[in-house]
Amino acid sequence: MEATFQFDWQAAIDSIPYLLKGIPYTLLISFSGLAIGFVIGILFGLMRVSRMVWLRIPAVVYIEVFRGTPVLVQVLFIFYGLPQILGGPINALVAGIAAIAVNSGAYISEIVRGGVQSIERGQREASLSLGLSRLQAFRYIIWPQALRRMIPALGNQGIISIKDTSLFSVIGVGELVRQGQIYIATTFSALEVYFMVALLYLAITLSLSLALRLLERRGLVGQ
């Protein structure tokens, strides 16, 4: 039997206005979560490179737990599990942001650790010999260089986090995939709708990738 299915371009185009409603949620969850995750990542990344064991151990535990478990499991735990502990419901949007924050924070912690440790020890020693305190040496010499080296990896983590938001349709967040699911329920155009969802995600991630490449060409990131 010959296949009679044909891709309905009109159905794909018709779905765009509805799918676009999910983009603000996708961007809000990903960028809000990443902003919080960046703060978490700096904190635990610096704890990870600390000489104090009582700081390193909690950092290692946090990093390994959240890097070693799927973000889908994390958001399900936050949305369905934490309310049993807290005694009240958690908003789906808040749960999505929290999941991106703790998950990206674990990865960013390792990015921070790698960035700080990539700075040659001689620069630290030279800074101290010039009369700077350890804090001043870190603030004015080590951190600015480390941050520049971290930006490409942070950009990659941003792309990953944007794609991770597609999993949050399971808790009812109205992001791109969820909007697609709702639209498919009334039109039954699954192939066309998911094709457009993929294109919209690609457009978002490519825009971020191009922005990072522009920064690299201008010498604002890297060595």
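The values are calculated or read from the model by the stated rules, or taken from the named source; none is laboratory data. Everything quoted here is computed from the prediction, not taken from an experiment. Counting neighbours? That spans all protein chains shown, and the Cβs are built from the backbone with ideal geometry, glycine included. Note: areas computed on protein heavy atoms with side chains; ligands, DNA, RNA excluded. Shrake-Rupley method; radii C 1.70, N 1.55, O 1.52, S 1.80 Å.
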Percent of Cα-Cα distances greater than 22 Å, calculated over region 139-223: 44 percent
Fluctuation leader among Ala35, Ala126, Ala92 - the chain, Gaussian network, Cα springs under 10 angstrom: Ala126
Cβ-based charge dipole, the chain, positive-most Cα from Pro144, Ile97, Phe188: Pro144
Kyte-Doolittle mean at least 1.6, axial Cα span of 27 Å or more - DSSP H helices of the chain: 23-48
Principal semi-axes in Å for region 1-85 [√(5λ), Cα gyration tensor, largest first]: 42, 17, 15
Longest segment of the chain lacking GluC sites (Glu not before Pro) that sit in a DSSP loop with at most 16 other Cβ atoms within 10 Å: 3-119
Accessible area in square angstrom per residue, the chain, 1.4 angstrom probe: 57 Å²
Loop-resident sites, region 118-223, for trypsin sites (Lys or Arg not before Pro), counting at most 15 other Cβ within 10 Å (DSSP): Arg218
Surrounding net charge for Ser133, when Lys and Arg each add one and Asp and Glu each subtract one, Cβ distance under 12 Å: +3
Among Phe188, Phe38, Phe168, residue whose mean-square fluctuation peaks in a GNM of the chain (springs only between Cα atoms under 10 Å): Phe188
Relative contact order of the chain, defined on C-alpha pairs under 8 angstrom at six or more residues apart (%): 31 percent
DSSP-loop trypsin sites (Lys or Arg not before Pro) across region 1-65, with at most 15 other Cβ within 10 angstrom: Arg51
Apportionment of accessible area to carbon and sulfur, the chain, percent (1.4 Å): 66 percent
D_trans [Stokes-Einstein, Kirkwood Rh over alpha-carbon pairs] for region 119-182, 37 °C, 0.692 mPa s, µm² s⁻¹: 220 µm²/s
Cα radius of gyration and Dmax for the chain (Å): 21.5, 83
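What 222 nm value per residue comes from the helices of the chain, counting each DSSP H run with n ≥ 4 as -39,500 (n - 2.57) and dividing by all residues, nearest 500 deg cm²/dmol?
-24000 deg cm²/dmol
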Euclidean distance between Cα centres, region 72-123 to region 136-169, Å: 14 Å
Region 98-221, dipole about Cα centre (Lys/Arg Cβ +1, Asp/Glu Cβ -1), debye to the nearest 20: 540 debye
